[in-house]
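Participant: First, the structure itself, so that you have it in front of you.
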Amino acid sequence: LKERIVCINGSINDDTAHVVVAQLLFLESENPSKPIHMYLNSPGGHVTAGLAIYDTMQYIKSPINTICMGQAASMASLLLAAGAKGERRSLPNATIMIHQPSGGYSGQAKDLTIHTKQIVRVWDALNALYSKHTGQSVDVIQKNMDRDYFMTPEEAKEFGLIDEVIDRRPMALVTDAVANETKDNQDNKDSKDKGSN
């Protein structure tokens with residue numbers, strides 16, 4: 001967290017959301033104007049857990065730079081796209097995938113009807129969010145999310161999910177870490193100087 005880095009590795013579930021949401025809120029409280037760097041390597045997971053992270057990303061004031069390494073599929077692809085405009089990146093050999101949410105509920109007919117309506121509502125909401133972050137129309141999003149739609153980073157850039165494909169860590173990210181360390185060292189030195197006076 002010292003370098004304002006948040007990692008989402010593996011499936012997105014309630015435990016993941018609990019940790020990531022807490023980290024985002026903490027980092028914003030530390031410095032609301034300084035970017036947070038979110039690294040994603042995830043096959044996706046629970047929609048509700050993913051939306052908890054998404055809503056927190058939108059809620060806090062700190063801009064969030066997103067970077068895909070490995071894969072960003074399903075809910076993870078939405079989190080990737082939800083980063084700050086111009087700051088959504090992918091490494092060159094990553095895979096990005098979008099698709100419609102799935103439901104595995106079984107039960108009485110009336111309950112199935114209720115859950116089907118909920119799945120449709122969530123699908124509509126996700127379509128609107130993807131449309132917002134990619135600039136694609138809802139119709140285009142619906143058509144492409146009808147089945148698993150795998151993209152290379154270049155294709156994801158063309159689609160509007162990311163802004164840049166990179167193979168080296170941007171100097172700005174390195175500079176952030178160095179600047180933080182330099183400031184901490186200076187603060188420690190100032191404290192020692194005051195203590196010796």
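Every number in this text was worked out from the coordinates using simple rules, so none of it is lab data. Source: prediction; values computed, not measured. Heads up, the Cβs are rebuilt from the backbone with ideal geometry, glycines too, and the neighbour counts pull from every protein chain shown.
Participant: I need a count of the residues in the range 125-139 that are closer than 16 Å to Ile96 by Cβ and either basic (Lys, Arg) or assigned to a helix (DSSP H, G or I) (or both).
Facilitator: Final tally of qualifying residues: 5.
Participant: Condition (residue is out of contact with any Lys or Arg (no Cβ under 8 Å at 6 or more places or on another chain), without any contact (Cβ under 8 Å) to a residue 60 or more places away in the chain and either of a type in the set (Phe, Trp, Tyr) or over 27 Å from Gln100 (Cα atoms) (or both)) applied to the range 37-54: is it met by at least one residue?
Facilitator: Yes, the range 37-54 contains a residue that is out of contact with any Lys or Arg (no Cβ under 8 Å at 6 or more places or on another chain), without any contact (Cβ under 8 Å) to a residue 60 or more places away in the chain and either of a type in the set (Phe, Trp, Tyr) or over 27 Å from Gln100 (Cα atoms) (or both).
Participant: With the condition kept exactly as written, say whether any residue in the range 77-98 is more than 29 Å from Thr152 (Cβ to Cβ) and of a type in the set (Val, Ile, Thr).
Facilitator: no
Participant: Follow-up question, since we're still on this one. Among the candidates Arg121, Arg147, which residue alone is part of a loop (DSSP other than H, G, I, E, B) and loosely packed, with under 12 Cβ neighbours inside 10 Å?
Facilitator: Only one candidate passes the filter, namely Arg147.
Participant: Follow-up question, since we're still on this one. Need the failing condition index for His99 against (1) out of contact with any Phe, Trp or Tyr (no Cβ under 7 Å at 6 or more places or on another chain); (2) free of Cβ contacts under 8 Å to residues at least 60 places away in the same chain, just the number.
Facilitator: (1)
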